Amino acid sequence: MASLPSCNEPPLPSYDAVVIGGSFAGMSAALQLARARRCVLVIDAGHPRNNPAAVSHGFLGQDGSATPALLQTSRQQLLRYPGLHWFNGTARRAWGRIDDFSVLLDGGASVRARRLVLAHGVVDRLPAVGGLAERWGKTVLHCPYCHGYELPDRPLGVLAQHNAEAEAQTEAVLLCDWGSVVLFRNGTLPPAPDARLHGRGIRVVDDLIERITGEADVELAGGRTVSLAALFIVTQTQLSPPRCAAWL
């Protein structure tokens, strides 16, 4: 992985805006603020949601770019603006009101800002299946538009999760445009039968999953293994970090 430029600096006491989160959304906001000649602090913990993915697809002008290099280039462009400041670390707490916000940083320092931009993003909550987390972003995937083109006419799977059974069915139907599809219910309660599953030739497996092995092979409780090129999940997400929801 390409290393990001070292850009930590002692924080100033006050800014026009503090951007909490230094991935693509946070940097996009910071860029416009810097170009408006505002004094901006970006706080970044260094854990972008798409970090497990080696490359980014579907991003016009950057399709197929390596994710670390894309982050590095974006940060280098931001740091050309003299009003842009960067803190590698975490915002521990934020409070206040318009024109008078305070943000507590790692190490105990605090800064003030007229405005806050919350761009800390979300994290994906993965099901507790052995071998799945290790393959996340590689052969266990989320978005067919981001990854499906690289898997033409290969066997693909969709793993259903509780409270997202209907979404898993929709994902399975969608994936048929890229390859043959198996839907794993894995103990979830099936919603109303979806005629599209049969119509698209989607195989439904009700057995519980023991673990994921190999490339993305699904080992079932009955001893059977279904070999796949990739397994897709409609992930459940939560704010990152969870405490952000109760800040202000």
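The values are calculated or read from the model by the stated rules, or taken from the named source; none is laboratory data. Here the structure is a predicted model, which means the values were calculated and not measured. No Cβ is skipped: glycine too gets one built from the backbone with ideal geometry, and neighbour counts run over all protein chains shown. Accessible surface is based on the protein model in full, side chains and every heavy atom, while ligands, DNA and RNA are left aside. Shrake-Rupley method; radii C 1.70, N 1.55, O 1.52, S 1.80 Å.
Please report, as a whole percent, how much of the solvent-accessible surface of the chain comes from carbon and sulfur atoms (probe radius 1.4 Å).
Details: 6880 of 13040 Å².
Of the solvent-accessible surface of the chain, carbon and sulfur hold 53 percent.
Just how much of residue 71 is accessible, in Å², when a 1.4 Å probe is used and the result is rounded to the nearest 10?
Result for residue 71: roughly 20 Å² accessible.
Could you order 154, 75 by accessible surface area, starting with the largest, using a probe radius of 1.4 Å?
Per-residue accessible area, sorted high to low, gives 154, 75.
With unit charges on the beta carbons (Lys and Arg positive, Asp and Glu negative) and the dipole taken about the Cα centre of the stretch 131-246, which residue among 237, 143, 223 sits farthest to the positive side?
The residue sitting farthest along the positive end of the dipole is 237.
Among DSSP bridges having both ends in the stretch 1-105, what percentage is antiparallel? Round to the nearest 5.
The antiparallel fraction comes to roughly 45 percent.
Using a simple charge model, +1 on the beta-carbon of Lys and Arg, -1 on the beta-carbon of Asp and Glu, nothing else, what dipole does the stretch 80-124 show about its Cα centre, in debye to the nearest 20?
160
Going by alpha carbons, how many degrees (0 to 90, nearest 10) lie between the helix axis of 165-175 and the longest principal axis of the chain?
The angle comes out at about 80 degrees.
Where the only charges are on Cβ atoms (+1 Lys, Arg; -1 Asp, Glu), what is the dipole of the stretch 17-167 about its Cα centre, to the nearest 20 debye? Spell out each step's value before the answer.
Details: 16 positive and 11 negative charges, 165 e Å.
Here the stretch 17-167 has a charge dipole of around 800 debye.
In the chain, what % of DSSP beta bridges are antiparallel (nearest 5)?
Roughly 40 percent of the DSSP beta bridges within the chain come out antiparallel.
Provide 213, 237 ordered by accessible surface of protein heavy atoms (probe 1.4 Å), highest first.
Final ranking, largest accessible area leading: 237, 213.
From the helices alone, meaning DSSP H stretches of at least four residues, give me the mean residue ellipticity at 222 nm for the chain, per-run term -39500 (n - 2.57), in deg cm²/dmol to the nearest 500.
Calculated mean residue ellipticity at 222 nm is -5000 deg cm²/dmol.
Relative contact order for the stretch 1-107: what is it in percent, counting Cα pairs under 8 Å that are at least 6 residues apart?
Reported as a whole number, the value is 30 percent.
For residue 120, what accessible surface area do you get with a 1.4 Å probe? Give it in Å², rounded to 10.
Spelled out: residue 120, probe radius 1.4 Å, area about 40 Å².
Can you give me the angle between helix 67-78 and the longest principal axis of the chain, using Cα atoms only, in degrees from 0 to 90, rounded to the nearest 10?
The angle comes out at about 20 degrees.
By accessible area of protein heavy atoms, probe 1.4 Å, what ranking do 232, 24 get, highest first?
Listed by decreasing accessible area, they come as 24, 232.
Hey, can you find the accessible area per residue of the stretch 128-248 for me, probe 1.4 Å, expressed in square angstrom?
With the other protein chains kept in place, the stretch 128-248 gives 51 Å² per residue.
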